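I have placed the structure first, in the form of structure tokens, so that the comments after it can refer back to it.
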Amino acid sequence: MTVSERKPPYLRSALDSIPPYRPGRKVVGPDGRSAKLSSNESPFGPLPSVRQAIADAAADLNRYPDPAAAELTAALARRFHVPEEHVALGAGSVGLLQQLLEATAEPGAEVVYAWRSFEAYPLLTGLAGATPIHVPLREETHDLEALAAAVTDRTRMVFVCNPNNPTGTAVRETELAEFLDTVPEHVLVVLDEAYREYVQDPRVPDGVQLYRDRPNVAVLRTFSKAYGLAALRVGFLIGHPQVVDAVRKTLVPFAVNHLAQAAAVASLAAEQELLERVAVTVKERERVRAALLADGWTVPETEANFVWLRLGEDTLDFAAACEQAGIAVRPFAGEGVRVSIGLPDDNDAFLTVARTYPKRN
Ligand SMILES: Cc1ncc(COP(=O)(O)O)c(C=O)c1O
């Protein structure tokens with residue numbers, strides 16, 4: 001019997017619905033431009049103080065990291081004025097999403113979220129063997145009434161992505177508080193605030209205020225976006241001890257590595273400098289959106305570091321036009337294109353493609 005004739009090992013059927021990983025291609029334009037506006041990253045490299053902290057921490061790489069990440073946990077607790085028992089860490093907030101699912105989901109359990117939203121929700125829900133329940137967006141934004149109506153006694157968790165990836169839209173405080181009050185206490189509501197630092201509208205709530213008197217609400221934040229540490233993989237959850245303890249139990253041991261812990265602590269110490277960079281991105285976001293609107297595009301209001309163009313059947317064609325100019329964007333076939341805000345020059349190059357594209361959305 002040849003190797004190819006042998007039976008493959010038994011694998012979980014949950015894997016069948018998950019597409020194989022396909023790495024993104026690097027695109028290069030005729031003028032040598034290669035702009036990555038496809039992953040909502042910060043266009044800025046780490047601050048010198050953060051780089052130094054990483055270099056110093058590299059001296060200890062022969063040791064396992066602190067499994068409790070005590071220094072980072074304490075720094076986050078101070079920063080957000082919460083007890084240390086309310087803070088859990090993960091390898092990126094995507095790691096925390098997986099930990100949450102491991103803690104709450106099982107076959108038969110339902111996980112409810114708006115759609116379209118963050119691609120990891122269906123992927124990780126499926127992997128956990130739970131059933132995803134998709135609630136369509138209304139005017140590119142969460143339909144909280146429909147979300148509440150989709151909660152059943154099988155629901156274990158609801159994700160509210162605020163601002164929403166990929167549309168950039170954000171729900172306001174009054175409607176979110178009302179929604180939270182209608183969700184039964186046994187259902188965990190996760191406020192995914194990966195883009196919180198980019199929010200400008202004061203009516204968009206800070207989840208860290210909303211969770212305080214609600215034991216079934218937890219907030220996810222990350223160092224990957226505004227803090228510019230995407231490659232290091234560190235995110236955190238703020239919630240009540242029952243949720244935090246469950247999430248801590250499901251962390252792969254040592255998953256939050258030593259360099260990530262050191263860089264995150266240093267980033268919190270340099271928060272002011274980092275927020276100045278966020279202000280640059282927010283200004284660029286407003287400039288890009290205004291230019292697109294002036295050129296006749298429809299672009300929802302965005303509170304994140306990206307803009308959304310609903311292009312329907314033109315989606316892949318528009319993304320190809322961007323690629324030809326050396327700009328990688330994120331297309332969702334048949335739906336639209338998400339474009340991250342980069343450095344001004346790359347944003348200008350994107351605006352030129354949009355301006356010269358023969359159609360509008
Ligand atoms: C809404 C949302 N949540 C979470 C994440 C995960 O970020 P990370 O795992 O890098 O913290 C992302 C990343 O794109 C996101 O868009």
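The values are calculated or read from the model by the stated rules, or taken from the named source; none is laboratory data. Treat the numbers as computed from the prediction; the structure is a model and nothing was measured. Here Cβ is always computed from backbone atoms with ideal geometry, including for glycine, and neighbour counts include all displayed protein chains. Please note that ligands, DNA and RNA were not included when accessible areas were found on the heavy atoms of the full protein model with its side chains. Shrake-Rupley method; radii C 1.70, N 1.55, O 1.52, S 1.80 Å.
Points to keep in mind about this one:
- Long-range amide H partners of residue 306 with built H, under 5 Å: 341
- Diagonalising the gyration tensor over the Cα atoms of segment 77-221 and scaling each eigenvalue by 5 before taking the square root yields semi-axes of 21, 19, 15 Å, largest first.
- The mean of 1/r over all pairs of different alpha-carbon atoms in the chain, once inverted, gives a Kirkwood hydrodynamic radius of 21.5 Å.
- Burial order of peptide ranges 197-204, 117-124 (average beta-carbon count within 10 Å, highest first): 117-124, 197-204
- Residue of 156, 78, 289 that the Gaussian network model of the chain assigns the largest fluctuation, springs spanning Cα pairs under 10 Å: 78
- Counting charges near residue 276 (Lys, Arg +1; Asp, Glu -1) among other residues having Cβ under 13 Å from its Cβ returns a value of -1.
- Viscosity 1.306 mPa s, temperature 10 °C, Stokes-Einstein D of segment 141-205 from Kirkwood C-alpha radius, µm²/s: 129 µm²/s
- Dipole-positive endmost among 169, 131, 238 within the chain (Cβ charges, Cα centre): 131
- Here the 3J(HN,Hα) profile of segment 77-90, calculated from phi with Karplus coefficients 6.51, -1.76 and 1.60 at θ = phi - 60°, is 4, 5, 4, 9, 6, 10, x, 4, 5, 9, 10, 10, 10, x Hz, Gly and Pro shown as x.
- Most positive-pole-ward Cα, 307, 294, 318, against dipole of segment 292-344 from beta carbon charges: 307
- Where the Cα pairs of segment 48-163 fall when distances are cut into 10 Å bins, in %: 12, 31, 28, 20, 9, 0
- Solvent-accessible surface of segment 51-192, averaged per residue with a 1.4 angstrom probe and all protein chains in place: 44 square angstrom.
- Under 5 Å, built H, 5+ apart or other chain: amide partners of residue 131: 108, 109, 110, 111
- From phi via Karplus (6.51, -1.76, 1.60), per-residue ³J(HN,Hα) for segment 280-289 in Hz, x at Gly/Pro: 5, 5, 4, 4, 5, 4, 5, 5, 4, 5
- In segment 160-236, the inverse of the mean reciprocal separation of distinct Cα atoms equals 13.1 Å; this is its Kirkwood hydrodynamic radius.
- Summing charges over all other residues whose Cβ lies under 14 Å from the Cβ of residue 185, with Lys and Arg as +1 and Asp and Glu as -1, gives -1.
- Each Cα pair under 8 Å and six or more residues apart adds its sequence gap; the mean of these over the residue count of segment 148-225 is a relative contact order of 34 percent.
- Total charge dipole magnitude, the chain, about the Cα centre, Cβ charges on Lys, Arg, Asp, Glu only, Debye to nearest 20: 900 debye
- Selection from 75, 42, 95, by position along the positive dipole direction of segment 40-138 (Cβ): 42
- When only alpha carbons are used to place a centre, segment 1-16 and segment 310-334 end up 36 Å from one another.
- Whole-percent carbon and sulfur share, accessible surface of the chain, 1.4 Å: 54 percent
- In plain terms, the bigger the Kirkwood radius, the slower the diffusion; for segment 162-317, with that radius from Cα pairs, at 4 °C and 1.567 mPa s, Stokes-Einstein puts D at 74 µm²/s.
- Dividing the helix sum by the residues of the chain, where each DSSP H run of 4 or more adds -39500 (n - 2.57), gives a mean residue ellipticity at 222 nm of -11000 deg cm²/dmol.
- When you count the other C-beta atoms within 10 angstrom of each residue and take the mean per peptide, 173-183, 80-90 line up highest first as 80-90, 173-183.
- For segment 1-146, the relative contact order is 19 percent, taking Cα pairs closer than 8 Å that sit 6 or more residues apart in sequence and dividing their mean separation by the residue count.
- Sorting the segments 137-143, 15-21, 271-277 by their mean number of nearby beta carbons within 10 angstrom, highest to lowest, gives 137-143, 271-277, 15-21.
- For segment 181-194, putting each phi into the Karplus relation 6.51 cos²θ - 1.76 cosθ + 1.60 with θ = phi - 60° gives couplings of 5, 8, 6, x, 4, 7, 9, 7, 9, 9, 8, 8, 10, 4 Hz, in residue order, rounded to whole numbers and with x for Gly and Pro.
- Eigenvalues of the alpha-carbon gyration tensor of segment 1-63, scaled by 5 and square-rooted, set the equivalent ellipsoid semi-axes at 39, 25, 14 angstrom, largest first.
- Mean separation of Cα pairs under 8 Å and 6 or more residues apart, divided by the residue count, gives the chain a relative contact order of 24 percent.
- Summed side-chain charge close to residue 344 - residues other than residue 344 whose Cβ falls under 11 Å, Lys, Arg +1, Asp, Glu -1: -2
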